[in-house]
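Comments concern the structure below.
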Amino acid sequence: MEIKRVGVVGCGLMGSGITEVCARAGYSVVVSDINQELLDKGMKAIRSSLDAGVKKGKLTEQDREATLGRLKGTLKMEDYRDCDLVIEVVIENLEEKRKVFATLDKVCPQHAILASNTSCLSILDMAMATKRPAQVVGMHFFQPAPIMRLVEVVRTILSSDETIETAKAFCQSVGKKPILCKDIPGFIVNRLAISFLLTAIRGLEEGLATREDIDQGVMLGLNHPLGPLQLADFIGLDTIYYICSAMYEELKDPLYAPPTLLKKMVIAGHLGRKSGKGFYDYKQ
């Protein structure tokens, strides 16, 4: 199946990035959010990202204008009626995602593929909210989407071969490298990364070392560009909390149980870079 028109449900940090990636690759893209304020914020982020690309010489002004011309922002789910592929990028809550999939199933054409950008939730549970489970797949992009090359293509026990091959081909068409994985909590990357981040947080909680020494140990000893606590702040501590909680609920593996320190920081609103304070202070 040829994909010509793409839909993105959610224009937040990830949604706006995925929208930009698709539009820059030449696709017509419809993107929505729950209200005009959030939609405007997301569209502004896309324009800012494109402007930065022009300033850095990675994008011409003509390319920027052409990309913006392929975008349509909306508050109406009905505007996905002509899409060949719709990628859901809403809050990491299974019931909310199921509602989105049920609505898309009614609105989108019969041939359309429905995908979720979830980082840990069950794709099959979302698929079963539709009458086309064979055409539902996970497509997990990474933040920041315009820069990170990886996409995890998640196959459920009901996903058809055609759906998977179309999803992989689409990822390649937007300049990404698809890797195929099963529909298990955390998929590949988060299955590994979350346990790593939580181990670092527990180390800080238990007094293993200072935050600086934990991060420097990983950066200099493992040659990582960021330490695990710095990375946690970048991802968002609330996001990590939601992911590990969902993984623990499904797997019941203590490795993924949220550390008390992480839970208390989320309750306090210390979410990392986006709130100005996490393991490090970003308000200075």
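The values are calculated or read from the model by the stated rules, or taken from the named source; none is laboratory data. In this text the structure is predicted, and so the values were computed from the model without any measurement. Counting neighbours? That spans all protein chains shown, and the Cβs are built from the backbone with ideal geometry, glycine included. For accessibility, only protein heavy atoms count, side chains too; no ligands or nucleic acids. Shrake-Rupley method; radii C 1.70, N 1.55, O 1.52, S 1.80 Å.
Odds and ends about this structure:
- Where a residue in segment 195-213 is farther than 16 Å from residue 251 by Cβ and without any contact (Cβ under 8 Å) to a residue 60 or more places away in the chain and its partner, wherever it lies, is open to solvent by 70 Å² or more (accessible area, probe 1.4 Å) and part of a helix (DSSP H, G or I), with Cβ under 7 Å and at least six apart: 205/260
- A search for C-beta distances below 9 Å between a residue of segment 172-194 that is more than 20 Å from residue 125 (Cβ to Cβ) and without any contact (Cβ under 8 Å) to a residue 40 or more places away in the chain and any residue that is open to solvent by 20 Å² or more (accessible area, probe 1.4 Å) and not β-branched (Val, Ile, Thr), counting only pairs 6+ apart in sequence or on different chains, returns 177/149; 177/150; 178/150; 178/168; 178/169; 178/172; 179/150; 193/231.
- Matching residues, segment 219-230, being in a helix (DSSP H, G or I) and more than 12 Å from residue 197 (Cα to Cα): 219, 220, 221
- The one condition in (1) under 17 Å from the mean Cα position of the chain (by Cα); (2) part of a helix (DSSP H, G or I); (3) charged (D, E, K, R) that residue 152 fails to fulfil: (2)
- For segment 155-178, a residue qualifies if it is of a type in the set (A, V, I, L, M, F, W, C) and within 15 Å of the chain's Cα centre (by Cα), and exactly one does: 171.
- In segment 109-125, of all residues being without any contact (Cβ under 8 Å) to a residue 40 or more places away in the chain and over 19 Å from residue 189 (Cβ atoms), the one that is most open to solvent (accessible area, probe 1.4 Å) corresponds to 110.
- Selected residue [under 20 Å from residue 2 (Cβ atoms) and open to solvent by 20 Å² or more (accessible area, probe 1.4 Å)] from 129, 102, 134: 134
- Being in contact with a Cys (Cβ under 6 Å, 6 or more places away or on another chain), not acidic (Asp, Glu) and not in a helix (DSSP H, G or I) is a description that does not apply to residue 207.
- Total residues in segment 142-151 satisfying the condition of being open to solvent by less than 80 Å² (accessible area, probe 1.4 Å) and hydrophobic (A, V, I, L, M, F, W, C): the figure is 4.
- Options 94, 13, 68: the member that is of a type outside the set (D, E, K, R) and more than 15 Å from the chain's Cα centre (by Cα): 68
- The set of residues in segment 248-273 that are of a type in the set (Lys, Arg) and either free of Cβ contacts under 8 Å to residues at least 40 places away in the same chain or open to solvent by less than 60 Å² (accessible area, probe 1.4 Å) (or both) comprises 252, 263, 264.
- Within segment 162-188, the set of residues being of a type in the set (A, V, I, L, M), buried (at least 18 other Cβ atoms within 10 Å of the Cβ) and not in a loop (DSSP other than H, G, I, E, B) comprises 164, 167.
- Condition check for residue 154: open to solvent by 30 Å² or more (accessible area, probe 1.4 Å) and among the β-branched types (Val, Ile, Thr): no
- Of all residues in segment 250-284, those that are among the aliphatic types (A, V, I, L, M), in contact with a Gly (Cβ under 8 Å, 6 or more places away or on another chain) and not in a loop (DSSP other than H, G, I, E, B) total 1.
- Residues in segment 231-249 that are in contact with a strand residue (DSSP E or B) (Cβ under 9 Å, 6 or more places away or on another chain), assigned to a helix (DSSP H, G or I) and of a type outside the set (A, V, I, L, M, F, W, C): 233, 238, 239.
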